[in-house]
Amino acid sequence: MFREETRTVQIGDRTIGGGSPILIQSMCNTKTEDAGATVAQILELERAGCEIIRVAVPTMEAAKSLGEIKRQIHIPLVADIHFDYRLAIAAIENGADKIRINPGNIGSADRVRAVVEKAKERQIPIRVGVNSGSLEKELIEKYGGVTARGIVESALDKVHLIEDMGYDNLVISLKSSDVLMCVEAHRLIAGRTIYPLHVGITEAGTVTAGNIKSAIGLGLILNQGIGDTIRVSLTGAPVEEVKSAKLILKTLGLRKGGVTVVSCPTCGRTRIDLIGLAHKVETMAAQFDDLDVKVAVMGCVVNGPGEAKEADLGIAGGIGEGLLIRKGEIVRKLPEESLLPALREELLKLREEMSGVGL
């Protein structure tokens, strides 16, 4: 698998590449100049499971805020830089654990070199980012439009530029809002580089559209063994990106742990508020991220009992009531309003058993 063959890169206290676990990234939508608001959002993202956080650095004030932000968070901090090479240098000087640049919009080779020298001095990795929306005119002309091959050539040209400056502590990202183009670009580059790859579908859209595009795109890429870190890009609250990323990794079998909730789509046989109950169970389950269990929330007698019995814990709905099932055995029958509290109680019992409390 490609990810097992990529070189390792240290980002703060986290390691990516070389077969390391795929890490989840997100990006703050706060003004980085407002350190308090940015820290508050990062801490929320940490609780949701974010493992690397990126912030925009459009001003010198934002660059100078990085030190204060970093002192109050617990995950690596990445500075996103465009256009002004001095911001990249200032970000490194103020404690960024990694910087993201597009050498194509930083300016002259001398300016790129100044950034590279500062990164080399501090041994800070550089993420070389290429976006299909900003592909160089000559590559668009060469390939007759924006193409996967053009994106790959652009990225490798920038990587070679930095390598020629004597630095190879690099991560590559290729982004496109065209899902299949993005998949093809990652397939092409995976066999041509040993650098870790950050994977995402850029400008994917709102929570609904963005989740679908990201699940398909990331699923196809990751299932080929490509990708070392991921971001689900959504037009919405960043915490939703983290939730979606975790679910994509779990669905692909690339991450264990946490409660997996399955629920039926409902039909005319359903006689409890299954939709509301399933959402409440999913919210509650997020509080039990230390457990690796499956919970089934089913609405009727057709598939409900069977599916619930296959899970560690399950609810099989009836008429205004339901069965609570644990490890295939019926625990008890409860009125609808008592199902959620009873399920929480069983999760707490499982936590105690798995941690050895009371044994």
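Using only the Cα atoms, work out Rg/Rh for the chain, with Rh taken as the Kirkwood radius, to two decimals.
1.05
How big is the C-alpha Rg of segment 150-240 next to the rule-of-thumb value 2.2 N^0.38 Å, as a ratio?
Dividing the Cα radius of gyration by 2.2 N^0.38 Å gives 1.12.
Sort 328-334, 169-175, 277-283, 192-198 by packing, meaning the average of other beta carbons within 10 Å per residue, with the highest value first.
169-175, 192-198, 277-283, 328-334
So how exposed is T8, as accessible area in Å² (1.4 Å probe, rounded to 10)?
The value for T8 is about 90 Å².
With charges only on Cβ, +1 for K and R and -1 for D and E, what is the dipole size of segment 71-224 about its Cα centre, in debye, rounded to 20?
Dipole of segment 71-224, to the nearest 20 debye: 300 debye.
Measure nothing but the geometry: give the 0 to 90° angle between the long axis through the Cα atoms of 179-190 and the longest principal axis through the Cα atoms of the chain, rounded to 10°.
Helix 179-190 sits at roughly 60 degrees to that axis.
Which order, highest average first, do 240-251, 343-354 follow once you tally other Cβ atoms within 10 Å for each residue and take the mean per peptide?
The packing order, highest mean first, is 240-251, 343-354.
What residues qualify as long-range amide H neighbours of R54, i.e. H under 5 Å apart, gap of 5 or more or another chain, H built at 1.01 Å from N?
The list, which skips near neighbours in sequence, is S26, M27, C28, V78.
Could you state how much accessible area D34 has, in square angstrom rounded to the nearest 10, with a 1.4 Å probe and all protein chains kept in place?
80
Using the C-alpha gyration tensor of segment 65-179, what are the square roots of 5 times its eigenvalues, in whole angstrom, with the largest one first?
The answer is 27, 16, 11 Å, longest axis first.
The values are calculated or read from the model by the stated rules, or taken from the named source; none is laboratory data. Here the structure is a predicted model, which means the values were calculated and not measured. Counting neighbours? That spans all protein chains shown, and the Cβs are built from the backbone with ideal geometry, glycine included. Side chains are part of the model used for accessible areas, which takes the heavy atoms of the whole protein and leaves out ligands, DNA and RNA. Shrake-Rupley method; radii C 1.70, N 1.55, O 1.52, S 1.80 Å.
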